[in-house]
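Asker: Let me begin by handing over the structure; questions about it come next.
The values are calculated or read from the model by the stated rules, or taken from the named source; none is laboratory data. From a predicted model like this one, the values you see are computed outputs, not experimental measurements. Every residue, glycine among them, receives a Cβ derived from its backbone with ideal geometry; neighbour counts consider all protein chains shown.
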Amino acid sequence: MTKIELSLIVLDETVYPRHKVNPHNVESIRDVINTGHKLPPMLIEKGTNVLVDGWHRHGAYEAEGIEVVTVKEKVYTDRKALLSDAVNLNMHGQQLSPRDKLRSAALLLEAGFSMEKVSEIVRVPMPKLQGRLERRTAFDGEGEQHILKRGMQHNRGRTLTDKQVAAHERYGGHNASRYARMLFDTLKQDLWPKDSEPFITTMNDLTSLWQDVYPAEAAE
């Protein structure tokens with residue numbers, strides 16, 4: 001183990017198996033730090049300082065203003081070995097979500113792993129993994145893969161604009177019909193926030209947008 005300045009650690013999202021860092025997990029780790037407990041060292045690649053394991057700990061250290069941290073260094077023969085470690089080490093602690101596993105699978109396949117090996121690493125049976133990738137993959141304008149959230153599977157195979165990619169990331173994950181039913185029930189049961197100007201404005205915008213969008217969709 002060795003000590004290193006936090007600012008020298010490289011955060012490479014192309015080797016991070018999750019879609020994003022969970023802020024709640026970061027906050028929990030900050031609580032651990034502030035109650036005097038020590039955290040296990042993060043793992044970095046020797047020579048490049050690329051962070052292999054410990055993204056949430058890195059976020060907590062950064063939020064706490066900690067400038068020097070303890071890390072483990074490891075030499076990797078190639079990107080495949082590093083990716084394999086990054087995924088395997090994230091199978092512990094906060095579990096990878098089904099979507100995170102698909103992201104990991106896509107990264108591993110891109111790095112040259114066979115589907116059989118990827119299935120073993122992400123611990124999803126190969127037929128199920130193949131089916132999920134087919135159902136939940138879209139692309140951006142540059143051809144980069146994006147793993148769709150469950151409620152967005154109807155967009156599989158599409159090429160998304162930058163605005164659509166951003167909207168997808170903000171989307172909660174459930175089927176759109178579920179959100180529509182929840183909103184419908186809230187209005188029907190008179191539970192909507194009558195003193196919320198943002199809600200009223202958004203509902204007016206939604207009503208107008210739906211009148212514009214649905215006839216156009218029906219006509220196609």
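Asker: Being more than 19 Å from the chain's Cα centre (by Cα) and either surrounded by fewer than 11 Cβ atoms within 10 Å (Cβ to Cβ) or closer than 30 Å to Thr48 by Cα (or both) narrows it down to one residue among Asp185, Asp140; which is it?
Answerer: Asp185
Asker: Quick one: Gly93 ticks every box in (1) under 23 Å from Ile4 (Cβ atoms); (2) at pLDDT below 90; (3) touching a helix residue (DSSP H, G or I) at 6+ places or on another chain (Cβ under 7 Å) bar one, so which box is it?
Answerer: (3)
Asker: Could you run through the stretch 127-161 and say how many residues are in contact with a strand residue (DSSP E or B) (Cβ under 7 Å, 6 or more places away or on another chain), within 22 Å of Thr14 (Cβ to Cβ) and not hydroxyl-bearing (Ser, Thr, Tyr)?
Answerer: 10
Asker: Quick one: count up the residues across the stretch 97-117 that are crowded, with 20+ Cβ neighbours inside 10 Å and among the acidic types (Asp, Glu).
Answerer: 1
Asker: Quick one: which strands (runs of 3 or more DSSP E) sit completely within the stretch 14-126 and have at least 3 residues that are under 29 Å from Leu148 (Cβ atoms)?
Answerer: 51-53
Asker: Tell me, please, whether a residue that is in contact with a Phe, Trp or Tyr (Cβ under 6 Å, 6 or more places away or on another chain) and under 30 Å from Met203 (Cβ atoms) can be found in the stretch 175-186.
Answerer: Yes, because at least one residue in the stretch 175-186 is in contact with a Phe, Trp or Tyr (Cβ under 6 Å, 6 or more places away or on another chain) and under 30 Å from Met203 (Cβ atoms).
Asker: Might you let me know whether the stretch 69-77 holds any residue that is closer than 21 Å to Val21 by Cβ and either outside the structural domain of Asn22 (by TED's automatic domain parsing) or hydrophobic (A, V, I, L, M, F, W, C) (or both)?
Answerer: yes
Asker: Within the stretch 31-61, restricting attention to residues that are charged (D, E, K, R) and surrounded by fewer than 16 Cβ atoms within 10 Å (Cβ to Cβ), which residue is nearest to the chain's Cα centre (by Cα)?
Answerer: Filtering the stretch 31-61 for residues that are charged (D, E, K, R) and surrounded by fewer than 16 Cβ atoms within 10 Å (Cβ to Cβ), the one nearest to the chain's Cα centre (by Cα) comes out as Asp31.
Asker: Name the residues in the stretch 163-195 that are of a type in the set (D, E, K, R) and either within 13 Å of Lys149 (Cα to Cα) or touching a helix residue (DSSP H, G or I) at 6+ places or on another chain (Cβ under 6 Å) (or both), would you?
Answerer: Those that are of a type in the set (D, E, K, R) and either within 13 Å of Lys149 (Cα to Cα) or touching a helix residue (DSSP H, G or I) at 6+ places or on another chain (Cβ under 6 Å) (or both): Glu169, Arg170.
Matching residues to (1) at pLDDT below 90; (2) part of a loop (DSSP other than H, G, I, E, B):
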site	(1), (2)
Gln130	no, no
Gly172	yes, yes
Arg181	no, no
Leu191	no, yes
Pro198	no, no
Trp210	no, no
